[in-house]
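Have a look at the structure below before the remarks.
Taken together, the values in this text are just the output of simple stated rules run on the coordinates, not laboratory data. Keep in mind it's a predicted model, so treat the numbers as computed, not measured. Here the Cβ is made from the backbone with ideal geometry for all residues, glycine too, and neighbour counts use every protein chain on show.
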Amino acid sequence: MVEERLFIVNWQEQQVLITGGTGSLGNALTAKLLRWGVPRIVIFSRDELKQSEMFDRFSDSRLRFFLGDVRDRVRLMRAFYGITTVIHAAALKRVEAAEYNPSEAVCTNVIGALNVADAAIDAGIERVMGVSTDKAVNPINLYGCTKALMERIFVHANSYAGKAVIRFACVRYGNVLGSRGSVVKAFLSQRHTGKIRVTDPSATRFFITIWQAVNFVLSSIEQMKGGEVFVPKPPSADVRTVAEVLASGCVWDLSGLGRGEKLDEVLISKDERYDDVGDRYIVCDSGKIRNIEFSSARARRLSAEDVLSMINEK
Ligand SMILES: NC(=O)c1ccc[n+]([C@@H]2O[C@H](COP(=O)([O-])OP(=O)(O)OC[C@H]3O[C@@H](n4cnc5c(N)ncnc54)[C@H](OP(=O)(O)O)[C@@H]3O)[C@@H](O)[C@H]2O)c1
């Protein structure tokens, strides 16, 4: 198995660019790729401070930093020079912020995805993997709509690539425990006050750890043929369990579900075509019509101990 994976993608020959590389996923991907011996990793993002902190944290000459905005196609073209694999993680991802700033979310998440696709084709990149979310499925908020569009842009980019040897695919997963802006971070930052804001204790969410996300992204890159949306099979937890684990004894300020928040999340809608390939599903046009939704209400439910051990996973 290992030999086959190395045959498909020899990471020691890849030049990898991560848009949004200073984010939670980008940092974890970088750590793993450096361990795997990737000779050059380019971090593409806007904020110089996050880049310089990351530079200090890794202190590795294989890591390069490129200030740029995915809204700027010319800048992407410049950054893509010599790159073989692009992981497109840059996004505005706060549901509420996207609701109130729709043009910003569209410019970054949709126009940005179009720019990445166009620049990647022009630059002769081999593989481009977009990072999507369960909120893109049956979207009820603007963030989800923009990520649904990103998925369609990447899936269809395979057909407008012409003769270029390039493959586009996406991964789609739920909440990453402990990532920036996650419910875990929110509960941890509020608990010292003795009061935490809880939307609806019965709401369920899919959860994966950051390392599971990293492994899923990289193994999907190894498997991609072009046009797939790779979906893991994560467990779910209800908000009550997460709140009890992280902030036991705190008073709950019950706010109810906010605008654009679902009671349960869905990773695959019943109308999507998909195949079951063991540890993951692949949503693709050639997949089977199953009429079965993959919802967090029906997924394997995490116990308090499970949530705790996932949070403590390093
Ligand atoms: N975290 C989750 O639970 C989760 C779940 C499912 C999917 N996802 C998806 O996974 C991806 C990575 O998430 P994350 O948790 O790592 O996010 P994050 O920590 O918020 O990082 C976002 C990154 O994007 C960069 N960025 C934002 N706007 C940009 C722009 N216009 N041009 C270039 N870079 C830009 C940010 O840096 P600057 O601000 O410096 O530009 C930062 O490096 C996102 O696409 C998100 O939608 C996340």
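On full extension, the segment bounded by Arg40 and Asp60 gains 6.2 nm, given 0.36 nm per residue less the C-alpha separation. Gain on full extension, evaluated as 0.36 nm per residue between Leu188 and Lys163 minus their Cα-Cα distance, stands at 4.0 nm. Per-residue ellipticity at 222 nm, computed for the chain from helices alone with -39500 (n - 2.57) per DSSP H run of at least four residues, works out to -11000 deg cm²/dmol. Qualifying chymotrypsin sites (Phe, Trp or Tyr not before Pro) in the stretch 72-178, where qualification requires a DSSP coil assignment and no more than 16 other C-beta atoms within 10 Å, comprise Tyr81. Counting only DSSP beta bridges with both residues in the stretch 185-285, the antiparallel share comes to about 65 percent.
Pairs over the 31 Å Cα-Cα cut-off, from the set Lys50/Lys270; Lys163/Lys270; Lys32/Lys288; Lys233/Lys262; Lys93/Lys270; Lys135/Lys163: Lys50/Lys270; Lys163/Lys270; Lys32/Lys288; Lys135/Lys163. By definition, a body whose alpha carbon gyration tensor gives a ≥ b ≥ c is oblate when a/c is 1.5 or more and a/b is not larger than b/c, and the stretch 35-174 fits this oblate description. Once the chain from Arg71 to Arg180 is taken as fully extended at 0.36 nm per residue, the excess over their C-alpha distance is 37.0 nm.
Does the chain come out rounded, prolate or oblate, given a ≥ b ≥ c as the square roots of the eigenvalues of its C-alpha gyration tensor, rounded meaning a/c under 1.5 and, failing that, prolate meaning a/b above b/c? Prolate is the answer for the chain, as a/c is 1.5 or above and a/b outweighs b/c. Checking every one of the trypsin sites (Lys or Arg not before Pro) in the stretch 172-275 against DSSP loop status and a limit of 13 other Cβ atoms within 10 Å picks out Arg180, Lys225, Arg259, Lys270.
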